[in-house]
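Reviewing the structure listed below.
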Amino acid sequence: MKSNKSFINKGMQKQNMKQHGWLGIVFFIGLLFALPLQMFLLASDIRNRDSLVIENVFDIAYPFQFILIIFLPILAGIVLFRYLHVKSAVDMMHSLPIKRVHLYLNHYLTGTLLLLIPLWLVAMLLFFVRDISPIYQEITNGDIGIWTLVMTVMVLLFYSVSIFVGMMTGISVAQGILSFILLILPTALFYLIHANLAMHLYGYSRGYVMDEWSTYLSPIVWLSELNYREFSYLPLIFYALFCVIFIVLAYYLYQWRPLEMSGQTIVFEFLRPIFKYGVTVCTMLVGAVYFDQYPHDGWIIFGLIAGSLIGFLVAEIILKKTWHIWRKKLLVQYGVYASIILVLSVLIKTDVIGYETRVPEASEIERVFLGKDPWTLQDEQLDEEDIFIQDPTFIEEVRSFHEKIVTKQPEPVISNHLYEDSYVIAYDLENGSRLVRQYHIPMEESEEYVGSLIESKPYKTFFFELDRWEQAPIETITFVSQGPESKNVKITDENEIEELRHILKYDIYSLTADDLIGGEPTWGSIKIETETTLKNEEAVYMSWNKSFAEVDEWLRRNDYINEARIVPEDIDTIDVIDVSSSERITYPEEYFFREKEYDLTEIQDEELIAEALQHSRNFGQADYVVRFTLSNHGYFFGTLRTEDVSEAFIQYVE
């Protein structure tokens, strides 16, 4: 009679520990290898004593930790409740004078103890092991506490999800696979839906929607990023709540579970259509995303149809556990599904809600953002006041650009993203909402759409982050050359920095649209460090545009030019190939791999070399490809356009 009243059955606990205790031993040994033993190995390596500093526990053999924390709890859920999936075992267990609630709680408790005791023992060991070497001096008691808390919640969540799934299926293998799928599904489905919307809605910004919080939808994705992301308690609180929810749901599913359904993929009849059409939708979305890499809408349609058919048939095979699934009813079911998807597709494609053509009126707009990518809008280090512009003239120019885009809808360059420019528009409206659109414009058409806009002072101020290095004293300005010749100059003198500040601003505001559109010629990069960036922010980086004439003259006047970048004196010869087609060139070096197929012109004239060096670009629309051979026998490649070079250069090549 005691077993019917007491929630904890000592006899059952003893039997469970005898039968399944190996889970705790394996988990403990795995954690020992992943943490304490690994810490000893790192500390014993003499190469790490001066260079390696471990900042938190997540930095130690994290991939091994990650696998253990996911795999063992899911396995524990499978092993502890496997009796539900074996006909003889389920009959025997439920013939005992023990209620289902007691069976459930006792097995859940056993698994919890087998998982948490090894985890907490290893956590206690960490307090002692961290003192064996200075490389662990950054690890505090709080760091170990956070690691223990995170791993405790994650272990219980994965264990509870495994049990929850186990209550819905009658096959242990299916329990393991479906548990992992359920844990990853929210983020994966979120990505797939938004990726498909981006294919069909012009201007839809997938990158803006897929922000950092979307990774929180999957505890596996969130856990995979803990070793390099800043820790936050908020997602952990949600995971703890979901852990409780899964425990409660699993309990009720156990109460309702038909015991005779052991061996079936899905034991509840009402869940079978959800499983079948859920699989169909997911594979359909995957098919579309896969074929999106091919430059034709027909392939996307093929991906949708093929993906949905494969998913529908595979789901039916899994449910029936046989290849012999054909019947007329199946055709009708797929026809109904396909009809619903077709209606949804037509509604999205015809843009019945006016998503693609929506351009807010100037009176509705409080401020506007124009940038190259959506991630800037999600950068927590940036103050929105620094990236949004309230200037009415600029707002009207952005609106005009937006109206032109939605009217003409230029097609992006499918074959190579290097030949298109991406522009993100974000309006903060007076009603408190935000409207975001992203457009990809072929490079050769960019000037037509955004020429005057990107030449404006507000845009250049944002794009080159002028406010960041205007509001705080500049400590250093570093010029870094690109190419095989490793050159750089760091300016630290206060007077020189002040001169450069004004000259750099002048050159930036003098840039034309042609200088700013993709493929622009650059010498390298410029790094600006201020008092603020040296303390808690990233430095300001910008392209060192070859159109920075005043900067170039200042470097020359102060004898920095030879140290800062490649100069004509560094070059022995240049070899030029006339491609004569004004085609898009991504890798100019490829032409020189087959140089015997072309007429190659060697140039040693210093003026022509200087001209080619000044105007060469890394890639883009080009009439010539050039190989620059340095005095030290190094070389690099570039492209040239006819309009950028002199008549003397053209005649020499011809």
Quick check on segment 8-97: what are the equivalent-ellipsoid semi-axes from the Cα gyration tensor, as sqrt(5λ), descending, whole Å?
41, 13, 9
Per 5 angstrom bin, beginning at 0 and ending with the bin that holds the maximum distance, the Cα pairs of segment 2-268 fall in percents of 1, 5, 11, 14, 15, 14, 12, 10, 7, 5, 3, 1, 0, 0
Heavy-atom accessible surface of the chain: percent carbon and sulfur, 1.4 Å
59
Could you put Phe158, Phe164 in order of accessible surface area, largest first, with the 1.4 Å probe and the full protein assembly present?
Phe164, Phe158
Would you be so kind as to identify all helices of the chain, as entire DSSP H runs, whose Cα atoms reach 30 Å or more along the helix's own axis and whose mean Kyte-Doolittle hydropathy is at least 1.0?
100-129, 141-168, 172-200, 233-256, 297-320, 328-349
Per residue, how large is the accessible surface of segment 231-276? Use a 1.4 angstrom probe and give square angstrom.
56
Looking at segment 275-349, how many pairs of lysines come closer than 15 Å at the Cα, when each pair is eight or more places apart or spans two chains?
4
What do the square roots of 5 times the Cα gyration tensor eigenvalues come to for segment 63-200, in whole Å, largest first, as semi-axes of the equivalent ellipsoid?
33, 26, 11
Using a 1.4 Å probe and counting only protein heavy atoms, arrange Asp91, Asp514 so the residue with the most accessible area comes first.
Asp91, Asp514
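Just the projected area, averaged over all directions, of the convex hull on the alpha carbon atoms of segment 466-564: how many nm²?
6.5
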With the cut-off at 21 Å, report for segment 442-513 the share of all Cα pairs above it, as a whole percent.
43
Relative contact order of the chain, defined on C-alpha pairs under 8 angstrom at six or more residues apart (%)
9
Ordering Leu105, Leu370 by the accessible surface of their heavy atoms, 1.4 Å probe, largest first, yields Leu105, Leu370
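Given segment 195-252, what whole percent of its Cα pairs are spread farther than 18 Å? It would help to have the intermediate numbers written out before the result.
On the way: 866 of 1653 pairs.
That fraction is 52 percent.
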Using alpha carbons only: equivalent-ellipsoid semi-axes of segment 568-653, gyration tensor based, whole Å:
18, 15, 12
Using a Cα-Cα cut-off of under 25 Å, which lysines could be cross-linked to Lys99, ignoring same-chain neighbours fewer than 8 residues away?
Lys2, Lys5, Lys10, Lys14, Lys18, Lys87
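To the nearest 500 deg cm²/dmol, what mean residue ellipticity at 222 nm is calculated for the chain from DSSP H runs of n ≥ 4 alone, each contributing -39,500 (n - 2.57), summed and divided by the residues?
Using -39500 (n - 2.57) per qualifying helix, the result is -17000 deg cm²/dmol.
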Across all Cα atoms of segment 303-398, Rg and the largest Cα-Cα distance (Dmax), in Å, are 23.9, 68
Volume of the Cα convex hull of segment 203-346, divided per residue and given in Å³
184
Would you please classify the overall shape of segment 275-349 from the alpha carbon gyration tensor, given that a ≥ b ≥ c denote the square roots of the eigenvalues, rounded means a/c under 1.5, and beyond that prolate means a/b larger than b/c while oblate covers the rest?
prolate
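The values are calculated or read from the model by the stated rules, or taken from the named source; none is laboratory data. Treat the numbers as computed from the prediction; the structure is a model and nothing was measured. Ligands, DNA and RNA are stripped out before the accessible areas are found, and what is left, the full protein with its side chains, is counted by its heavy atoms. Shrake-Rupley method; radii C 1.70, N 1.55, O 1.52, S 1.80 Å.
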